[in-house]
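Since every read-out is calculated from the coordinates, none of them should be taken as a lab result. All values derive from a computational prediction rather than experimental measurement.
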Amino acid sequence: MKFHDDQTIPLPLFGGVVQAQTLHVPPEVVMRITTYRQACRLAWKLRRTRMTQRTLAEVCGLYSSHVSEYFSLHGNRRELPARHIGPVESVIGNTVISQWIAQQSKLTVLEEMQAARRVAA
């Protein structure tokens, strides 16, 4: 690439992908969550980008009609299956659901951090 002045030099592009940041919610917030549904709703509310539920369904391989029920305010709807927690958290950009599950199982802080790393990987 040629530039019109002698002061500007071309910089080579570095290959690779920059990993997206994953939001970890403070433990005080997680401790106030009482149900799995509340954890799912908070995770959706704190999503990284303003995507639609239909987009989330397409990216994660979920039924779009079920996704609206996973994050519904009403408690008698279907819940997000455990096998989809990892993909959903990686797409929405936070680990609220995994943090809540870890808190419910009384894991130590170190075990919680290790679990968060496994989810991010």
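Observations on the model:
- Extension gain, THR55-THR34: 0.36 nm per intervening residue step, less the Cα-Cα distance, totals 4.8 nm.
- Added length on full extension, which subtracts the Cα-Cα distance from 0.36 nm per residue, LEU23 to GLN104: 27.2 nm
- If the segment from SER68 to ARG48 were pulled out straight at 0.36 nm per residue, it would be longer than the present Cα-Cα gap by 5.4 nm.
- Where N is the number of residues in region 24-121, Cα Rg divided by 2.2 N^0.38 Å: 1.03
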